[in-house]
1. Could you list which residues have their amide H under 5 Å from that of ASN227, counting only those 5 or more apart in sequence or on another chain, with H placed in the peptide plane?
2. Applying the Karplus parametrisation 6.51 cos²θ - 1.76 cosθ + 1.60 with θ = phi - 60° to the phi angles of segment 117-123, what ³J(HN,Hα) value in whole Hz is obtained for each residue in order, glycine and proline being reported as x?
3. Taking the Cβ-Cβ separation of ARG16 and ILE268 as r and a Förster radius of 35 Å, what is the calculated FRET efficiency to the nearest 0.05?
4. Sorted by packing (mean other beta-carbon atoms within 10 Å per residue), highest first, where do 117-129, 235-247, 150-162 land?
5. Using a Förster distance of 41 Å, how high is the FRET efficiency between SER247 and ALA53, based on the Cβ-Cβ distance and rounded to 0.05?
6. Give the angle, between 0 and 90 degrees and rounded to the nearest 10, that separates the Cα long axis of helix 8-25 from the longest principal axis of the Cα atoms of the chain.
7. Based only on Cα atoms, what Rg/Rh ratio does segment 1-119 have, Rh being taken as Kirkwood's radius?
8. Rounded to the nearest 500 deg cm²/dmol, what is the calculated helix-only ellipticity per residue at 222 nm for the chain, with -39500 (n - 2.57) per DSSP H run of length n ≥ 4?
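Read-outs throughout are calculated quantities, based only on the coordinates presented, and are distinct from any laboratory measurement. Keep in mind that this is a model prediction, so the values were computed, not measured. Quick reminder, even Gly has a Cβ in these numbers, built from the backbone with ideal geometry, and neighbours come from all protein chains shown.
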Amino acid sequence: MRAQAPKEVDVRSFRRRLLRWFDREQRVLPWRGEKDPYRILVSEIMLQQTRVAVVGQRYGRFLKQFPTVATLARAREQTVLAAWSGLGYYRRARALHAAAKAIQQRRAFPASAKELQELPGVGRYTAAAVASIAYGEPAAVVDGNVKRVLQRLRGRNLRDEECWAEAERLLASDRPGDFNQAMMELGAVVCVPARPNCSECPVTSMCIAQGKDHAQKPQQRRKEILNLSLRRRNGSIFLKQRAWDSSVMPSMWELPTLHARPAEKPAIQLRHSIINTDYQVNVFANGAPSLQQGRWIELRSARRLPLTGLARKILLRLELLSSR
């Protein structure tokens with residue numbers, strides 16, 4: 001049977017219950033309670049496709065290096081990428097850098113969701129999140145967590161525009177920033193994908209699905225083996241830079257790939273995941289990369305390079321790189 005939309009009285013009750021729960025149970029996060037639109041923009045872009053725990057470790061460090069939109073706009077792209085190293089999805093760093101430059105050209109930070117969407121790399125979700133939290137604009141947000149909450153609440157799959165319409169209908173216009181954060185928080189810590197904790201949900205009595213997941217099944221992850229060369233001499237390391245027009249992590253620095261696995265035992269082995277692929281990574285201390293373009297770089301200089309997340313992980317594992 002097709003589920004009907006909640007009655008208007010349920011909407012008011014939903015808002016009240018959700019916000020009471022959020023006021024009581026919200027996590028303590030470095031960006032929580034922030035009203036500076038620049039700092040909120042940084043947190044929102046970092047949180048796209050990166051775990052909260054990882055962002056929590058890097059958010060303050062990034063802002064210490066780039067405390068204002070002006071300092072970020074003035075920085076070299078390679079410096080920004082180096083500061084972003086380890087967060088993954090580096091196109092976000094480039095977009096954030098470009099957005100900072102655009103804001104400087106405007107000579108004022110965009111003051112509405114509509115204006116924010118004019119910035120490079122800022123879409124509907126990010127614009128609404130920043131505008132609602134920084135300015136109190138009644139703009140609803142829909143991310144993966146919010147979409148899951150809405151679909152379970154309604155008891156069926158919802159198209160993207162249906163999700164946005166439902167989020168806007170439920171939005172508490174008197175506390176839009178808190179409401180949006182509460183919806184995302186609910187999806188992140190209670191209404192989780194695999195095993196939702198319905199007994200802790202403040203709106204479980206209004207939920208038609210009662211935990212049943214109507215989302216599509218996740219894609220199967222691929223398994224691959226990656227053999228890398230780790231060559232060192234006199235305090236330097238041999239690294240390769242990706243092409244500037246590469247479709248993945250352009251211009252980032254990494255360890256060269258070996259086309260054939262050497263007979264020797266790997267210096268270290270580790271696992272690494274990128275998007276939908278899980279890698280078994282073997283790092284060989286004496287393997288010479290064949291036909292690889294690269295250069296010797298002093299380790300103290302390598303610390304300031306925009307390394308790929310895997311390269312940084314390996315060098316940290318070998319204690320060749322300070323965690324900064």
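1. Answer set, sorted by chain and number: LEU258, ASN282.
2. With the stated coefficients, segment 117-123 comes to 5, 7, 7, x, x, 9, x Hz.
3. Details: r = 53 Å, r/R0 = 1.53.
After rounding to 0.05, the efficiency reads 0.05.
4. Details: 117-129: 19.8, 235-247: 13.9, 150-162: 16.5.
Top to bottom by mean Cβ count within 10 Å: 117-129, 150-162, 235-247.
5. Working: r = 28 Å, r/R0 = 0.69.
With R0 = 41 Å, the Cβ-Cβ based efficiency is 0.90.
6. 50
7. On the way: Rg = 18.0 Å, Rh = 16.5 Å.
Rg/Rh: 1.09.
8. Working: 13 runs with 138 residues, N = 324.
That comes out to -13000 deg cm²/dmol.
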